[in-house]
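A.B. asks: Before I ask anything, here is the structure I am working with.
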Amino acid sequence: MPTAQTRQARLRARRRRSHRRARQIAVLGFLAALAVVTLLLTAFGSGTPSIVGGPDDVVPVRAGLPGRPDLQPLASVGNLQLVMPVAAGAVTGVGFHGTSRGGLDLKPAGRQGNEGALARLWRRITGTGQDGPVWYQLGSRGSSVAAVGAAPGTDVYAPVDGTVVAIRDQVVGGDTIASRVDIRPNRAPSMMVSVSNISPDPVLTVGSTLVASSTKIGKAVDIAAVEKQALAKHARDGGNNVAVSVYPTDGALP
């Protein structure tokens, strides 16, 4: 039978173990809190900020540069992939917005530059990254139009492999201010890709065969001179852009 001294020694040992466990739990709690604070500071301190439209916050314009774009992803819809129609060095910004003209919603490539704080935090926690350009949501919803910022005179190339099926005038206030090139993509013949806000290349005709990122289809025009552009919030030069949309069939084109 244990003596009083033995019982006291055991009691003291239990107390020491209890104190050690309490200290260990406190240290682990402190380290966990420190990790969360560090993560939050990283997420909110170094993430890409939302652009507020001031002249010092927008992407600087580069003059229209010659050269073909790389096969850089722009967006997708179903199995149809769209690539950037403008060389990377000439892009002033990329935005997506909706339209009432029946276009299909596009899935943007890259990372949203004005995504919410929770989305940025989740992306940092999961460590997920996205290939493609930084893009901005223009308006509250919708992504059926990809607006690729480009200064007037910038060379514009085909965003898909396909065939030209129409070259249409863009009319604003009774004046023709640009053209729209409609392309039937080889990989999705039931769809139609429309490239707007351009002056078509003189050699481009209905029936022309196009190769993505290689075939020049025209030059960007000064669309901002006649219509206010939502992309102006994220790019200088009034937000001039080449607009790319996808429609389900030729009959559904506006």
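The values are calculated or read from the model by the stated rules, or taken from the named source; none is laboratory data. This structure is a prediction, so every number in the text was calculated from the model and none was measured. Quick reminder, even Gly has a Cβ in these numbers, built from the backbone with ideal geometry, and neighbours come from all protein chains shown.
A.B. asks: Considering only segment 187-207, I want to know if a residue exists there that is under 18 Å from Pro69 (Cα atoms), touching a residue at least 60 places away in the same chain (Cβ under 8 Å) and in contact with a Phe, Trp or Tyr (Cβ under 6 Å, 6 or more places away or on another chain).
C.D. replies: Looking through segment 187-207, none of the residues is under 18 Å from Pro69 (Cα atoms), touching a residue at least 60 places away in the same chain (Cβ under 8 Å) and in contact with a Phe, Trp or Tyr (Cβ under 6 Å, 6 or more places away or on another chain).
A.B. asks: Then there's this: Looking at (1) farther than 16 Å from Val77 by Cα; (2) of a type in the set (Val, Ile, Thr); (3) in contact (Cβ under 8 Å) with a residue 40 or more places away in the chain, can you tell me which one Val244 breaks?
C.D. replies: (1)
A.B. asks: Can you tell me which of Ala178, Ala146, Ala166, Ala151 is under 18 Å from Leu71 (Cβ atoms) and either crowded, with 23+ Cβ neighbours inside 10 Å or among the aliphatic types (A, V, I, L, M) (or both)? Please lay out each step first, then the result.
C.D. replies: Numbers: Ala178 fails: under 18 Å from Leu71 (Cβ atoms); Ala166 fails: under 18 Å from Leu71 (Cβ atoms); Ala151 fails: under 18 Å from Leu71 (Cβ atoms).
Result: Ala146 is the single residue among Ala178, Ala146, Ala166, Ala151 that is under 18 Å from Leu71 (Cβ atoms) and either crowded, with 23+ Cβ neighbours inside 10 Å or among the aliphatic types (A, V, I, L, M) (or both).
A.B. asks: Any residue in segment 198-219 that is touching a helix residue (DSSP H, G or I) at 6+ places or on another chain (Cβ under 8 Å) and either small (Gly, Ala, Ser) or surrounded by 21 or more Cβ atoms within 10 Å (Cβ to Cβ) (or both)?
C.D. replies: no
A.B. asks: Also, I was wondering about something else. Which one is modelled with the highest pLDDT, of the residues in segment 66-119 that are farther than 18 Å from Ala212 by Cβ and among the polar types (S, T, N, Q)?
C.D. replies: The residue in question is Thr92.
A.B. asks: Of the residues Gly98, Gly113, Gly78, Gly102, only one is surrounded by fewer than 22 Cβ atoms within 10 Å (Cβ to Cβ), under 15 Å from Ser143 (Cα atoms), within 13 Å of the chain's Cα centre (by Cα) and touching a residue at least 40 places away in the same chain (Cβ under 8 Å); which? Reasoning before the result, please.
C.D. replies: On the way: Gly98 fails: within 13 Å of the chain's Cα centre (by Cα); Gly78 fails: within 13 Å of the chain's Cα centre (by Cα); Gly102 fails: within 13 Å of the chain's Cα centre (by Cα).
Exactly one residue qualifies, and that residue is Gly113.
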